[in-house]
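The structure under discussion appears below in the form of structure tokens.
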Amino acid sequence: MRRILATMMMLLMTTAALAGCAGSDVTQEDVDQARADGEAAGIISATPVSTLDTIMARDPPMMKCGVKIDQWGMGWLNPDGTRDGLDVEYCRAVASAIGLDPDTAIEYVLATGTTRFDLLSGGDIDVLIRTTTWTAGRDAGLTADFAGINFFDGQGILIRGDMVPNDGDYQPSDLDGLSICVGSGTTTEGNLADWALVNGLTISTVNVATGTEGAQRFVAGECSAFTGDMSAMVARQYVLENDIVDENGNVTSAAQCGIVADSTDDDCDGLWIAPETLSKEPLAAAVRDMDTEWKDVVQWVWWGMVTAEEMGINSTNYVDHLSSDNPSVMRLLGTHADSPYGLGTEDNPLPADWMQKVLMNVGNYGEAWDNSFCDGSYDGHSGSDAMTGCKLSRSGTQNALVSEGGLQYAAPIR
């Protein structure tokens, strides 16, 4: 970049000198054009190749998605190698939109709290969808650019009842002097310190690299409480206390309390979550800075899923809407003349029916939530109250659609 700028300056100086010579045909307009050409060259040279083009240039085309493996409901790796969770659904949706088979053309890469941004900046992953909080410091200070917010969360505290009994009258002072497990390199670490300071508490932290390590230390009694995103704490309590079963009733993962450490089920008696939210945690996908075209794809895929649920269009009925003459429906499904609005790159534009592919392989936002946290029977259009068997309810929360009093809202597709 410095070499280009230096060359540009030399050209400008030479051009200006010529313009000042008697009898020269070089005009001020020529000087201005030279300046514009030099600036354009610098911009072009500084613009990276779109990640979308990199993905499609692989042989075969493959998308690398940074995820968790140990948070049930968000990023969970089953013993048989299959994956579940809202973040995984988002990865699958993005892959579907760009024309990849989400079952075979995604490479999932473990992204921990300490490695995730290095993986992203180093090009080891194409997109980070891993319960990552969008903050000012990360947005401005890291080589990361945030896209769709797929989960509005807040920080919670999971507590061992044998160490801090739940008497129904919780106060922050109940945790004074105790040790609390917290993930390294996370916003929760800083939030915990702020919370302790504000409440005048003296606590000791036990830093852990993964949720699994945190669970091991928590069950082993190395910490009296475990803090993280509320969704993570709800999920952690559930998998400690219960078997994970599939839609056929088969146990895919035994209750972890007796297996994550040399312990017995008694060590998990009386687990409870404090009725307090320590922070705001908008969890979003992230791509690399200066990767605008790829960011647009990742962001609009999420908004497309939200829009589909708003319209009552889901994985089973979207075909019935292909003949609709409603302009909004036509724009969503790609049957409108304007589709797909320039999404993608010059070499790899998104197909007009990109949202159809998302609906076919994943569904709308409500269906993705239901597959991750509930029993998978949601019809995709009856509203959050119609979801059943949910370990984490969406009804009445910030993650409900705006029409239901929540915060999930999509920019218009047009």
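What follows draws every value from the coordinates through simple rules; no lab data is involved. Since we're looking at a predicted model, the values are computed, not measured. Here Cβ is always computed from backbone atoms with ideal geometry, including for glycine, and neighbour counts include all displayed protein chains.
Here are the numbers for the structure shown:
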{"read-out": "HN-Hα J in Hz across segment 349-361 - Karplus 6.51, -1.76, 1.60, θ = phi - 60°, x for Gly and Pro", "value": "x, 5, x, 4, 9, 4, 6, 4, 5, 5, 5, 5, 8"}
{"read-out": "Exposure proxy ranking, count of Cβ atoms within 10 Å, fewest first, for L240, L201, L322", "value": "L322, L201, L240"}
{"read-out": "Relative compactness, segment 55-127, computed as alpha-carbon Rg over 2.2 N^0.38 Å", "value": "1.06"}
{"read-out": "Loop-located GluC sites (Glu not before Pro) in segment 296-360, at most 13 other Cβ atoms within 10 Å (DSSP)", "value": "E346"}
{"read-out": "Counted charge near M74, where neighbours are those whose Cβ lies closer than 10 Å (Asp, Glu -1; Lys, Arg +1)", "value": "-4"}
{"read-out": "Under 5 Å, built H, 5+ apart or other chain: amide partners of D145", "value": "V287, R288, D289"}
{"read-out": "Segment 369-414: chymotrypsin sites (Phe, Trp or Tyr not before Pro) in DSSP loop, at most 16 other beta carbons within 10 Å", "value": "Y409"}
{"read-out": "Gyration tensor verdict on segment 280-414 (Cα atoms; rounded if a/c is under 1.5, prolate if a/b is larger than b/c, oblate otherwise)", "value": "oblate"}
{"read-out": "Of K64/K280; K280/K391; K357/K391; K280/K357; K64/K391, those spanning more than 26 Å from alpha-carbon to alpha-carbon", "value": "K64/K280; K357/K391; K280/K357; K64/K391"}
{"read-out": "Phi-based couplings in Hz for segment 183-190 (Karplus 6.51, -1.76, 1.60; Gly and Pro marked x)", "value": "x, 6, x, 10, 5, 4, 5, x"}
